[in-house]
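The values are calculated or read from the model by the stated rules, or taken from the named source; none is laboratory data. A quick note: this is a predicted structure, and the numbers were derived from the prediction, not measured. All Cβ positions, even for glycine, are placed from backbone atoms using ideal geometry, and neighbour counts span all protein chains on display. Heads up: the accessible areas ignore ligands, DNA and RNA and are worked out on the full protein's heavy atoms, side chains in. Shrake-Rupley method; radii C 1.70, N 1.55, O 1.52, S 1.80 Å.
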Amino acid sequence: MQMVRRRVLAIAFSLAVLALVSSGGGGRAATDRTAKVVVITSGVMPEGEGLGSGDYGYADYGLVLRNRSLTRDAIDVTVEVQAVDGRGLSLTDSYTAVTLIPAGADFVISGALIWRGSPELAAIETEVHVGQTAPRRRRLPPVKHVSVTSSGGVIGSFTNPYKKPLPEGATIYGVVLDSRGRIVAAGYDVTDAVTRPGATVAFDLLGTSTTVQLDAVTSAKVSVDPCGYLAFTRVCPVPGAQS
């Protein structure tokens, strides 16, 4: 079993400044002609006091996405996250590209927001675009044995389900949830190594903050983007996401 172990789950847990945006998962599925991907939960974790320069602001964010179509896979999904201040003015934005979200599936992503100056982050706004849709038949690497450690990290494993190797750009995303289902920490890592067909890889996304209120943390969600920045190249094993 291979191991991915990085201290990249930067946890800045502060319920007093947690900005949460949530939309319901109900309603009809998207039509057979398209796949509609929506954000069903989001959370932002501003940097703790004294952890950075006063010249810049910093926050981690996490999102849970859902493909509401039950018959169409979403390929080449782009997510824009914009940080706004109390007046609704943009501070900065961030973009994430996701290779695949299968029909009816959820997918978690995480990232960071950095902006110049001292304005305080009030909320995040999100926009999702689906580049392509295709009939349902694709799958993501399955994730198993996900749990939160006593130090606030996330551990587990995933398996390459494809007949082709996973490229070194395969990306592991994780979010940590409290008892109310709110995202209170988020992080990601890349495997940095080719994963052969059928191989299982352990991951260990470790928290770096000592301010985590672990008694409020109850669960974690993890998703694996099989291609990451190598989507739409010949090494990507996902049909329809190859050059």
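So how exposed is S179, as accessible area in Å² (1.4 Å probe, rounded to 10)?
We get 100 Å² for S179.
How much solvent-accessible surface does Y95 expose, in Å² to the nearest 10, with a 1.4 Å probe and all protein chains in place?
Answer for Y95: close to 140 Å² accessible.
Going by the alpha-carbon gyration tensor, a ≥ b ≥ c the square roots of its eigenvalues, is the stretch 62-134 rounded (a/c under 1.5) or, if a/c is not under 1.5, prolate (a/b greater than b/c) versus oblate?
Because a/c hits 1.5 or more and a/b exceeds b/c, the stretch 62-134 counts as prolate.
Just reorder F203, F232 by solvent-accessible area, largest first, 1.4 Å probe, all chains present.
Greatest to least solvent exposure: F232, F203.
If amide hydrogens are placed 1.01 Å from N in the peptide plane, which non-local residues have theirs closer than 5 Å to the one on V190?
I172
Suppose accessible area is computed on protein heavy atoms with a 1.4 Å probe; arrange E120, E47, E125 from highest to lowest.
From most accessible down to least: E120, E125, E47.
How do 103-114, 62-73 rank on mean C-beta neighbours within 10 Å, highest first?
62-73, 103-114
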